[in-house]
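Please treat every number below as a calculation from the coordinates, not as lab data. Note that this is a predicted model, so its numbers are computed, not measured. Positions of Cβ are generated from backbone atoms using ideal geometry, with glycine treated the same way; all protein chains shown enter the neighbour counts.
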Amino acid sequence: MRDVQQPREGPGGFVTLEGGEGAGKSTQSERLKRRLEARGLRVVTTREPGGSARAEAIRAFLLSGRAKRHGAFAEALLFAAARADHVDRTIRPALAAGGFVICDRFSDSTRVYQGKLGEVPPSALAALERASVRETRPNLTLVLDVPAKLGLARASQRRELTGEERDRFEAEGLEYHTRIRDAFLAIAAAEPERCAVIDASGAPESVERLIWAEVESRLLTPESVAGGEADHGG
Ligand code: TMP
């Protein structure tokens, strides 16, 4: 895929958080939202799969494990169907209104989980990505990086606290999660203009600071706020 800085309109921007289990994406999404709001910016936080009513219905089916028996290609189609609705109903309108959107997982997760792990061919995934995302591509993708073992330990700690069940993807073993980590790092290395790797193994406060430094330098400089013509309107 080409590494092109996406054009932006006004002060807003589309930020995605990616990474394996237990990387702290949802915590950091809320922390980043607070920081941006403190600057007087409008922010919508959302997540995938999900983020719109229809996409949340597809999420329930995907994470229950019932889609697994249909194979990784069918899962990729379902993730793309959910994403198309999410982009149309939630992400694109918020960007068109000049706000920031922070999305917990997006199309890099499909490239990693269904592509690298599920072995769906990159050409098929690229076609699905073009159809579901169209021009609404992230301006910045933060890859929250933790060793797989630490991520899994954090995820299991969280489940103990909340009583959540492991989902279909969390139930896979350490080797699977190590491959996920490596695949996210490979995407970041191939697209450095769009992606920043964040060491997410530290305390939430220090991870928050690392993220903020990237967001400030990449999206909040006077040049980047003024920069470029955008077409997020559909
Ligand atoms: P999460 O809520 O813990 O992030 O769970 C979502 C799960 O769905 C996670 O294990 C990764 C998986 N997933 C994919 O396999 N493909 C995708 O495109 C997305 C967005 C998520």
Extending each Cα 7 Å along its Cβ direction at residue 159 and residue 201, get the distance between those two points in nm, one decimal.
2.3
Using only C-alpha atoms and all pairs of different ones, pull out the Kirkwood radius for region 163-219 in Å with one decimal.
13.6
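Stretched out fully, how many nm does the piece from residue 190 to residue 221 gain, at 0.36 nm a residue minus the Cα gap? Mind dumping the intermediate values first?
Values: separation 31, 0.36 × 31 = 11.16 nm, distance 2.40 nm.
Computed gain between residue 190 and residue 221 is 8.8 nm.
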